[in-house]
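Read through the structure below, which is laid out as structure tokens, and then see the notes.
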Amino acid sequence: MGLKTALYDTHNTMGARMVPFGGWDMPLHYGSQLQEHHAVRQQAGMFDVSHMLALDITGKDSEVFLRKLLANDVSKLQQPGKALYSCMLNPDGGVIDDLIVYFMRPGHYRMVVNAGTAEKDLTWMEQQAHAYAVEISARRDLAMIAIQGPQARELALPLLPEVLQQPASELKPFVAVDDGDWLVARTGYTGEDGFEVSLPAEGAAEFWNALAVAGVTPCGLGARDTLRLEAGMNLYGSDMDETTSPLESGLAWTIAWEPQERDFIGRKALETQRNKDDNLQFVGLVLEGRGVLRNHLKLFSGDEELGEITSGGFGPTLDRSIALARIRRGEYDSCEVEMRGKRALVRVVKPPFVRNGEIKVQ
């Protein structure tokens, strides 16, 4: 048996198919993964993301500590509630985890890390924190619910605490507002607009059920994966890990190189790799024929092996199979994938495939 979120009983009551994920028992779907996917693209869906870990980093050295710890630079966060996406690297430039960090107020940041890496992340952070006046607090007292889709904010706003409704209605992307107990962020992992809401765990079921009554579709891990794949969003453990750097994972944009004197963990390794001609590139693939692209399938140009798929699957919005892949650097309009001993043609494209309900590739 895995760990259980505050919504475990609610998922079972709603008929979810539960599966193990990152050490937790989580809903895979509530009957139809396909319907859940389309609900998010067309109306609104909600996901229990309470298995992810929220960490509060507080203390007078919190900014200095995070500027050392993360490849992106938290000093860019000047407005309370502002957030950024970053990788946390090892000294070799490999990705320990990808995460979002929020600037709550001076001396206080909120970080949200992946479920499967949470304990590893916390251990690493505590090891790096010894030289700093900071405190790292794991917030397992919180639940997290993501409401995503073109109608998500409209349906969720009336159900938020009254004090947060007006400020939440005016939030720009990657900004959050909080009242001390609840945090409402205009962020997500689906390629659609919406909120990610942190709230006290004891109130999670009431909020979830109210969202369902308002017309928000409960969604599981299956739809979450197809949505993020269409949106060209990386999945830790598939598209990057401790053996791959952001430079070869489509995440170079998350590295803050300036100011040059900021010596974040992994910087020296990335600077060496940055100037190499043989770095792999991160691309999108669209299968031209029938079949489904799967993780780790090999890619070829003639007799030359180019690389492999890191994330693959069926894209319901496009009604065809798509993938993310790491391949040798070069100019490729297409290549071939080896499936069951045969070659099939795939088109090489730039992700995302779908964003805000709009298909970006033909």
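The values are calculated or read from the model by the stated rules, or taken from the named source; none is laboratory data. Not measured: the values here are computed from a predicted model. With ideal geometry, Cβ positions are generated from the backbone for all residues, glycine too; neighbour counts draw on all protein chains shown.
Values as computed for the structure displayed
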quantity	calculated
Cβ pairs under 7 Å, 6+ apart, first in the range 152-169 and in the same structural domain as Gly45 (by TED's automatic domain parsing), second part of a helix (DSSP H, G or I) and of a type in the set (Ser, Thr, Tyr)	Leu157/Ser169
Evaluation of Leu297 against (1) surrounded by fewer than 17 Cβ atoms within 10 Å (Cβ to Cβ); (2) not assigned by TED's automatic domain parsing to the domain that holds Pro27 (one fails), failing number	(1)
Failed item in (1) assigned to a loop (DSSP other than H, G, I, E, B); (2) touching a Phe, Trp or Tyr at 6+ places or on another chain (Cβ under 9 Å); (3) in the same structural domain as Leu34 (by TED's automatic domain parsing), with Thr317 passing the rest	(3)
Count - residues of the range 70-102 that are more than 19 Å from the chain's Cα centre (by Cα) and buried (at least 20 other Cβ atoms within 10 Å of the Cβ)	2
Matching residues, the range 305-340, being among the charged types (D, E, K, R) and within 30 Å of Gln43 (Cβ to Cβ)	Asp319, Arg320
Some residue of the range 272-288 being charged (D, E, K, R), over 22 Å from the mean Cα position of the chain (by Cα) and outside any loop (DSSP other than H, G, I, E, B)	yes
Hey, Leu280 touching an Asp or Glu at 6+ places or on another chain (Cβ under 6 Å), buried (at least 16 other Cβ atoms within 10 Å of the Cβ), of a type outside the set (Gly, Ala, Ser) and at pLDDT 95 or above or not	yes
Flag for Leu285 being crowded, with 19+ Cβ neighbours inside 10 Å, at pLDDT 95 or above and not β-branched (Val, Ile, Thr)	yes
Any hit, the range 50-61, residues being over 26 Å from Leu164 (Cα atoms) and not in a loop (DSSP other than H, G, I, E, B)	no
Leu345, sole failed condition from (1) out of contact with any Phe, Trp or Tyr (no Cβ under 8 Å at 6 or more places or on another chain); (2) surrounded by 15 or more Cβ atoms within 10 Å (Cβ to Cβ); (3) aliphatic (A, V, I, L, M)	(2)
Criterion: in contact with a Gly (Cβ under 6 Å, 6 or more places away or on another chain), surrounded by fewer than 17 Cβ atoms within 10 Å (Cβ to Cβ) and of a type in the set (Val, Ile, Thr) - qualifying residue of Thr272, Thr243	Thr243
Unique match (being outside any helix (DSSP H, G or I), over 26 Å from the mean Cα position of the chain (by Cα) and not polar (S, T, N, Q)) among Leu306, Leu299	Leu306
From Leu324, Leu270, Leu247, Leu299, residue being closer than 19 Å to Arg228 by Cα and not acidic (Asp, Glu)	Leu324
Restricting the range 184-223 to residues that are assigned to a strand (DSSP E or B) and in contact with a Lys or Arg (Cβ under 7 Å, 6 or more places away or on another chain), the residue that is surrounded by the most Cβ atoms within 10 Å (Cβ to Cβ)	Gly194
Close pairs (9 angstrom Cβ cut-off, 6 or more residues apart or separate chains): within 17 Å of Ile96 (Cα to Cα) in the range 261-275, in a loop (DSSP other than H, G, I, E, B) and of a type in the set (D, E, K, R) anywhere	Phe264/Asp73; Gly266/Asp92; Ala269/Asp92
Selection within the range 115-147 - touching a Lys or Arg at 6+ places or on another chain (Cβ under 9 Å) and basic (Lys, Arg)	Arg139
Residues located in the range 320-346, provided they are at negative phi and not in a strand (DSSP E or B)	Arg328, Arg329, Glu331, Tyr332, Asp333
Close pairs (6 angstrom Cβ cut-off, 6 or more residues apart or separate chains): under 17 Å from Ala185 (Cβ atoms) and touching a residue at least 12 places away in the same chain (Cβ under 8 Å) in the range 70-85, part of a strand (DSSP E or B) and not hydrophobic (A, V, I, L, M, F, W, C) anywhere	Asn72/Ser86; Pro80/Arg105; Ala83/Tyr102
Boolean, Gly222 is under 18 Å from Met46 (Cα atoms) and either assigned by TED's automatic domain parsing to the domain that holds Met14 or touching a Pro at 6+ places or on another chain (Cβ under 8 Å) (or both)	yes
Residues satisfying the stated conditions in the range 18-32, i.e. charged (D, E, K, R) and more than 19 Å from Ala205 (Cβ to Cβ)	none
